[in-house]
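A short write-up of the structure that comes next.
Please treat every number below as a calculation from the coordinates, not as lab data. Keep in mind that this is a model prediction, so the values were computed, not measured. Here the Cβ positions follow ideal geometry from the backbone for every residue, glycine too, while neighbour counts run over all protein chains shown.
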Amino acid sequence: MKEPSVTILVTLKNASSTIKMCIDSLLDLDYKNYEIFVVDAYSTDGSYEILRKYGNKIKLYRLKGWAPVAYNWALKRIHTKYVALIDSDNVVPRDWLKKIMKGSDSPDVLEVVGFCSSPKKVSTLQYLLGKELEDRYKHFKKYLSRAPTMNVVIRTDIAKKLKFDESLRVGYDSDFSLRLSKLGKIKYIPSAKVLHYHRSSWFGFFKQQYITALFTALFSFQKFKSRAKGDEISKFSMILQPFLAHCFVLLLIFSIFEKMLFSLSVIPLIFLMMIWLYDSIRLSEKNIKYMFWYLAIFFVRTFAWSIGFGYGVLRLIFLQIRNYI
């Protein structure tokens, strides 16, 4: 039987450190009926110049805007039966597309999700961030209610019908798949693996997590408040951490006026430390060095989430006050 037609869609901005590895791996796929569609958001780090060297091997475009804007723009120009979404910091094995396409063996399966693994020759920070993400993927069920877009295949007609919410800077993939799951199934194929390169510096990791939390507060909270109990992707313990951090800081500040609150401030801090310690021990697999690395990772992540989400909520409050006045 002829392989179903697939367009692999890659969107990026300033991904010069990984984009060549990504495109090279996509061009080497053991799959015949596919094309590569790349949308660059006017990169300033040489990414576009790297992509231009591929010539007619890829379809290359430039467009201002974030990922959901690029997705919707590209979908209008894609005519294959399926569209595969891959991040620009992913590298795929030769059999990736064949494996993930096996999940689309039923008409009620509208989206197929693959596994995200971590490359071996990376920094300790990247490796451990990858292990933590792998741990979440390992708890995925056969069918999901939502999925990140870093390794998915979607029926093109459904993607065009639903569209991505362009008002969302983060969470657009969750919003899209939650709406899609009401129409059909999202199937998980763990054998369809990609290698995902995480942030290589502490500042880059902090900035990524801060921006995620900020825009979650500004744009996504109302849409995803029903997910507050957590799921396979965002566990409840992850959602709880910034709120525990906020409780600790607020109690500490108000203890200036009421000394008893200083003792109470220790309670959320203890719970927070217990979550960090439990996950650090579990993920480090008895490697003491990795355990301390994970404690640092969780501290930086929670700090970034707390500042980003807190600032986002304050901006929402001031916006409501200004509109009221």
#### Entry: Positive-end residue of V249, M238, V112, charge dipole of the chain with Cβ unit charges
V112
### Most mobile of L264, L12, L272 in a GNM of the chain (Cα contacts under 10 Å)
L264
### Query
Which three semi-axes in whole Å describe the equivalent ellipsoid of the stretch 50-189, each the square root of 5 times a Cα gyration tensor eigenvalue, listed largest first?
23, 21, 16
### Query
Given springs between every Cα pair under 10 Å in a Gaussian network model of the chain, which of K121, K235, K163 has the largest fluctuation?
K121
#### Entry: Distance from the stretch 26-50 to the stretch 74-153 (C-alpha centre basis), Å
17
#### Entry: Rel. contact order, % - alpha carbon contacts under 8 angstrom, at least six apart, the stretch 6-196
27
### Projected label distance in nm at L319 and H139, using a 7 Å step from Cα toward the beta-carbon
3.1
### Message
If I take the Cα coordinates of the stretch 258-325 and project them onto the principal axes, what are the three extents in Å, biggest first?
### Response
57, 29, 13
### Summary
Which of C22, C247, C116 fluctuates most in a GNM of the chain (C-alpha springs under 10 Å)? That residue is C247
### Query
Membrane-span-like helices in the chain: DSSP H runs reaching 15 Å or more (Cα, own axis), mean Kyte hydropathy at least -0.5?
202-215, 236-254, 260-284, 288-324
### Task
Calculate, axis by axis, the spread of Cα positions in the chain along the three principal axes, and write the results as whole Å, longest axis first.
73, 56, 41
